[in-house]
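Only the coordinates and a few stated rules stand behind these numbers; no lab work does. What you are looking at is a predicted structure, and each value in this text was computed from that prediction instead of being measured. In this analysis, Cβ positions are derived from the backbone assuming ideal geometry, glycine residues included, and neighbour counts consider all displayed protein chains.
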Amino acid sequence: MRIAIVFDDLIQFGGAERLLLAVHELYPDAPVYTSVANDEWLKRCADLHIDLKTSFMQKLPFKKLLNRFYGLLGLHVLAFESFKFDNFDIVLSISARFAHGVITKPGTIFVCYMNSPGRMFWESHDYFCQEALFRQEKPFWYLVMPFLSLHRLCDYASAQRVDYFIANSLISKERIRKYYRRDSVVVYPFVDVVDKLAYQEIDHANGEKDYFLVITRLNAWKRVDIAIDACKKAGVHLKIIGEGSDRKRLEDLSGRDSGEVELLGYVSEQEKISAILGCKALILTQKEDFGITALEAMLLGKPIIAYRAGGALETVAEGATGEFFDTQDADCLAKTLQHFNPSIYKPEDCKSQAGKFSKQKFLHQLDEFLKKVYDEGTCASQTAPHNI
């Protein structure tokens, strides 16, 4: 089976990128095609011996800063359609925006692992609502609207080229059906249980601290502002790990001299693990497609406080490994924080729940699916009648 892997872009490092690296471990000879990669990813791919293929976008200026605006202009669509996959049996795209837009020949099986149909153009109000430039009463919004409408048309057409969809959660499966009118199977992402022993070796002699924790990319749609306001209302301490375009607004909202809210920015993996081990609970304010960070926290024995929506409903066992707040606003979360009692949650229950989403299980299910569709495609081509 000759496989090519396609990924949206390699600009940041999060759950989707970890999943990409795991898939490449499964298929180490598969080249990885992406629209654009930053210097850190170019080095990482070289170190890991990944055959990385980038598009013409790699030569564009300010790739990281303007990546989203290049997307609005349609450059990613052109980038992925420019790739050729004539020598491959299977093309596997890992997509949350554009990577399912490649074009393959009839003899090539095209499988898309869909994290979510692009929020930018299918759920644009929720995606942009907290950004001043894009608010609906602003003139810039009306300039962007035609581009978003065109993207929806193009994205729907691109989705019809895919032979098989794999969704990363039930919520993504629903979105694929709604936006693309396509069915899909669910293969859940993973948290790497193998690292559990390494976690246990981390020095944590100071014991549990009296703070809640948020770990996420600081983008407006992630709604970290809710956690900041809620912790201020509840009078509890909050630590936030992450970087992103919304950081300045969040710093202004929290108050740079505030003792209640700490924005820690980017931290190392060991520092992140130490922060999780010391917190009372991890807070999820956004409607995630799946949410690997919640699994990482549960793997370390920590409960979750999550907005009752999206992938958290599939990973958090209510009353056993965490609890939910029902409306996406600061008042509702503040009430949950004021009544939260971490002592009712057992670390072993949290770890057991996270263990259901192992890397080995994910890779096995993905590999079995690809082998199945490949075998079916091979049999179909061998038995098809030939024209004379």
The correct count of residues that are over 15 Å from the mean Cα position of the chain (by Cα) and closer than 16 Å to Phe357 by Cα in segment 260-301 is 5
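Which of the following residues is touching a helix residue (DSSP H, G or I) at 6+ places or on another chain (Cβ under 6 Å) and crowded, with 18+ Cβ neighbours inside 10 Å: Phe340, Phe325?
Details: Phe340 fails: touching a helix residue (DSSP H, G or I) at 6+ places or on another chain (Cβ under 6 Å).
Only one candidate qualifies: Phe325.
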Residues to consider are Ile276, Ile304; find the one that is in contact with a helix residue (DSSP H, G or I) (Cβ under 8 Å, 6 or more places away or on another chain) and touching a residue at least 60 places away in the same chain (Cβ under 8 Å).
Ile276
Scan segment 155-187 for residues that are part of a loop (DSSP other than H, G, I, E, B) and surrounded by fewer than 20 Cβ atoms within 10 Å (Cβ to Cβ) and jot them down.
Gln160, Arg161, Asp163, Arg181, Arg182, Asp183, Val187
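Would it be correct to say that Pro303 is in contact with a Pro (Cβ under 9 Å, 6 or more places away or on another chain) and exposed (fewer than 15 other Cβ atoms within 10 Å of the Cβ)?
On the way: in contact with a Pro (Cβ under 9 Å, 6 or more places away or on another chain): yes; exposed (fewer than 15 other Cβ atoms within 10 Å of the Cβ): no.
Criteria not met by Pro303.
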Inter-residue pairs, beta-carbon under 7 Å, first without any contact (Cβ under 8 Å) to a residue 12 or more places away in the chain and over 21 Å from Ala30 (Cα atoms) and in segment 51-71, second surrounded by 16 or more Cβ atoms within 10 Å (Cβ to Cβ) and hydroxyl-bearing (Ser, Thr, Tyr), 6+ apart
none
Residue pairs meeting the criteria (Cβ under 7 Å; at least 6 apart or on separate chains; first touching a residue at least 60 places away in the same chain (Cβ under 8 Å), in segment 84-100; second in a loop (DSSP other than H, G, I, E, B) and of a type in the set (Lys, Arg))
Asn87/Arg2; Phe88/Arg2; Asp89/Arg2
